[in-house]
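Here's the structure we're looking at; comments come further down.
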Amino acid sequence: MTERQTPKERLEYLRGEIEAERISYEEIAELQSLAEYIDEGDVLLLEWAGVPEFEEESAGHTPTPWKARGAGPQSARDIWGSGKNIAHVLAGGERPIDPALDEAFANAAYIVKACNEYEGLVDVLSAAPDMPSDFDSEDGREAFADAYRRWCARRDALTEEN
């Protein structure tokens, strides 16, 4: 930052570099050091400065199961959970960053599948014996088998719903 520029003026310069797609790593580091001067509604600068969108102690994610839904065969996909739209997967827009429609459908399905299976997989892995020798015990094998059966039942139920 030059001596004549205020932090706000420097932020506007850095915004221009971002929008022109020529910001350097050094300027990104500078932007991070100026994060305290960024307005809380300035999403562009906050994202580039690496400021978290939510506090770590946030309420958490929308409970699963989630579903991918769309308005029709030529629309993008929305991801729904708990009766509300929680995410939108872009498709085939005029911007070169938007994926093709079939890719957007696949992305939405992949996100939903991964999110719906995550908690069950963590449950299975948490029940897995710590050491391969633990599989030699009846208790170790049975705890893992129980967790795996719970995950399979959950996965099968989610597959039937979607």
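The values are calculated or read from the model by the stated rules, or taken from the named source; none is laboratory data. Keep in mind that what you see is a predicted model, and the values were worked out from it rather than measured. Positions of Cβ are generated from backbone atoms using ideal geometry, with glycine treated the same way; all protein chains shown enter the neighbour counts.
See the values below:
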quantity: Answer residue from region 29-41, given it is part of a helix (DSSP H, G or I) and in contact (Cβ under 8 Å) with a residue 24 or more places away in the chain and is surrounded by the fewest Cβ atoms within 10 Å (Cβ to Cβ) among those; calculated: TYR37
quantity: Which listed residue is in the same structural domain as SER82 (by TED's automatic domain parsing) and modelled with pLDDT under 70, from ASP102, ASP130, ASP156; calculated: ASP130
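Every residue, every condition in (1) of a type in the set (Gly, Ala, Ser); (2) in contact (Cβ under 8 Å) with a residue 24 or more places away in the chain, yes or no:
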{"site": "TYR13", "(1), (2)": "no, no"}
{"site": "ALA20", "(1), (2)": "yes, no"}
{"site": "ILE23", "(1), (2)": "no, yes"}
{"site": "VAL43", "(1), (2)": "no, no"}
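Here is a yes/no grid of residues against (1) modelled with pLDDT of 90 or more; (2) in contact with a strand residue (DSSP E or B) (Cβ under 9 Å, 6 or more places away or on another chain); (3) assigned to a loop (DSSP other than H, G, I, E, B); (4) not assigned by TED's automatic domain parsing to the domain that holds LEU121:
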| residue | (1), (2), (3), (4) |
| --- | --- |
| LEU11 | yes, no, no, yes |
| GLU27 | yes, no, no, yes |
| LEU44 | yes, no, no, yes |
| GLU56 | no, no, yes, yes |
| GLY60 | no, no, yes, yes |
| ASN85 | no, yes, no, no |
| ARG95 | no, no, yes, no |
